[in-house]
1. Report, ordered by the first and then the second residue, all pairs with beta carbons closer than 8 Å, sequence separation of six or more or different chains, a first member in the stretch 39-60 that is at negative phi, and a second member that is assigned to a helix (DSSP H, G or I) and small (G, A, S).
2. Of the residues I200, I206, I212, I173, which single one is in a helix (DSSP H, G or I), more than 13 Å from A113 (Cα to Cα), touching a residue at least 12 places away in the same chain (Cβ under 8 Å) and over 25 Å from the mean Cα position of the chain (by Cα)?
3. Could you check the stretch 291-310 and list, in sequence order, the residues that are open to solvent by less than 50 Å² (accessible area, probe 1.4 Å) and either in contact (Cβ under 8 Å) with a residue 40 or more places away in the chain or within 11 Å of S427 (Cβ to Cβ) (or both)?
4. Please determine, by comparing only the residues of the stretch 228-255 that are in contact with a Ser or Thr (Cβ under 9 Å, 6 or more places away or on another chain) and open to solvent by 60 Å² or more (accessible area, probe 1.4 Å), which one is modelled with the lowest pLDDT.
5. Name, by its number, the condition in (1) modelled with pLDDT under 90; (2) among the hydrophobic types (A, V, I, L, M, F, W, C); (3) assigned to a loop (DSSP other than H, G, I, E, B) that does not hold for F157.
6. Among the residues of the stretch 146-157, is there at least one that is farther than 23 Å from N279 by Cβ, among the small types (G, A, S) and surrounded by 12 or more Cβ atoms within 10 Å (Cβ to Cβ)?
7. If only one of F61, F98, F24 is at pLDDT below 90 and aromatic (F, W, Y), which one is it?
Amino acid sequence: MTIVVENQAEVAECGCFLNAWLWFKQLVKSLMVKVVDNAISAKKLGKEDPRIIVHSLKVGFAITLVSLFYYFEPKFEYQGFGVSAMWAVLTVVVVFEFTVGATLGRAVNRAIATFLGASVAGGIHRLACFSGSKTIEPILLGFFLFLIVAVVTYLRFLPKLKARYDYGVLVFILTFSLVSVSGYHDKQVLEMAETRITTILIGCDIAVLVCIFICPVWAGQQLHDKISSNFEKIGSFLEVFGTDYLNTSSGEASEQKTSDLEGYKSVLNSKTAEEVLANFARWEPRHGKFRYRHPWGRYLEIGGIARDCAFRIHALNDYLNYETQVEQEIRTKIQEPCKKVSTECGHVLKELALAMKTMTYPHTITIHIDNAKIAAENLKTLLHTNSSWEGINFSDVIPMATVASLLIEIVSSSVKMVESFDKLATSARFKKTNQLAPVRVRTNSWKTRVTPDQPSTESVHHDVAGE
């Protein structure tokens, strides 16, 4: 009996060890799978955007460069900074961003805020010392610390201040508080403020120089390309929509068509990204084709109109997979004007995308706008003609009437985008080409030049939806 009990104990003990080993083996296996998956994701990310790899190398180089001053402090006479030298390394870490505009914005905010915070703290400390009393001095310091921090924190919520200087306000509060509190027991408050400012300026300078002169990534160029890409995606959808929805013959959609029909969805949520890029672009110096004080605000205006158009397109997209079959008679009546409106608006946006990429005036955009307006007028006339819908059930007309109404609104959005692009092209001084280059008229609209082979066309200032 004793032998059986001992054997059972040994079996139970072996079972525990076996379960622990299996659990450990499964844990190692799952960790290996996660490591491999993360490695594959990192490799894919580097292939999709090699600039991320370059940015990582730039950050490593900048931190190494600023650390050399600390490593070789006797040679460079850097020992006077002491532990404060690490503020230069910390500055590079928090200032260095992906784009030049973001880096410049944070560097300028940090440098100016550090200077102001240290200066104000030094002034407050000197003012408190004039009291001549060890009892009153900490009371004055505490009062000014509370007052200034409270006021500056309140000002941080101002929209314009928060948009561009929020980081600077935080640095000001941090620097002012640290210097004020530290300076109460350390009477060398001026030397402390000077050391802090100097080390942070070193970090800011190195971060900015490396970001600008080694494979720079410009926020302005990214914003420019993003708006152009939005035009391209919306135009691709409109060119495909007429054929896919209005065509009576059914066929399988190709992969390219599916991509064109889904591309517009990225435009719907582009507002935040555009505003961030525009904010960063305002900090950037002149580069490439972008002059100093480039009208970045115009890009936000165009982007807003493009998003309005994309939301209408999103409603159109719901009718691509509309399950109820619309009668052939209704399709035939409305097919041609709808198809014309969709195709011509697609051509307009594609031409705007090309003009945005090359920073030139579009060539034949007036012709496409006029054709779209004529087709929209025909469509409106058809919808308001009672004789066209005699003998047809009203519920059967609703889907196609909704599509027609949305297309008419898209024509109006296309006209607004052309007008907004005209303002941007004039402000940014886009290049005018010799062939059918549009000129400015008093109505701020497009108008082609009259040539022997090209008749003049009407202005596109007319708003179809407003009629």
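The values are calculated or read from the model by the stated rules, or taken from the named source; none is laboratory data. Only a predicted model underlies this, so the values are computations on that prediction, with no experimental measurement involved. Cβ sites come from the backbone with ideal geometry, for glycine too, and all protein chains shown count toward neighbours. All accessible areas refer to the heavy atoms of the entire protein, side chains included, with ligands and DNA or RNA removed. Shrake-Rupley method; radii C 1.70, N 1.55, O 1.52, S 1.80 Å.
1. I52/G46; I53/G46
2. Details: I200 fails: more than 13 Å from A113 (Cα to Cα); I212 fails: over 25 Å from the mean Cα position of the chain (by Cα); I173 fails: more than 13 Å from A113 (Cα to Cα).
Exactly one of I200, I206, I212, I173 is in a helix (DSSP H, G or I), more than 13 Å from A113 (Cα to Cα), touching a residue at least 12 places away in the same chain (Cβ under 8 Å) and over 25 Å from the mean Cα position of the chain (by Cα), namely I206.
3. Result: H294, P295, W296, G297, Y299, I302, G303, I305, A306, R307, C309, A310.
4. T248
5. Tallying (1) modelled with pLDDT under 90; (2) among the hydrophobic types (A, V, I, L, M, F, W, C); (3) assigned to a loop (DSSP other than H, G, I, E, B), F157 fails exactly one: (1).
6. Filtering the stretch 146-157 for residues farther than 23 Å from N279 by Cβ gives 146-151.
Next, from what is left, pick out any that are among the small types (G, A, S): 150.
Then drop every residue that is not surrounded by 12 or more Cβ atoms within 10 Å (Cβ to Cβ), which leaves none.
Checked against the condition, which is being farther than 23 Å from N279 by Cβ, among the small types (G, A, S) and surrounded by 12 or more Cβ atoms within 10 Å (Cβ to Cβ), the stretch 146-157 yields no hits at all.
7. On the way: F61 fails: at pLDDT below 90; F98 fails: at pLDDT below 90.
Answer to the selection: F24.
One line per residue, one yes/no per condition, for (1) at pLDDT below 85; (2) over 21 Å from L316 (Cα atoms); (3) among the basic types (K, R):
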residue: T332; (1), (2), (3): yes, no, no
residue: L354; (1), (2), (3): no, yes, no
residue: N371; (1), (2), (3): no, no, no
residue: A375; (1), (2), (3): no, no, no
residue: G391; (1), (2), (3): yes, yes, no
residue: V397; (1), (2), (3): yes, no, no
residue: V411; (1), (2), (3): no, no, no
residue: K416; (1), (2), (3): no, no, yes
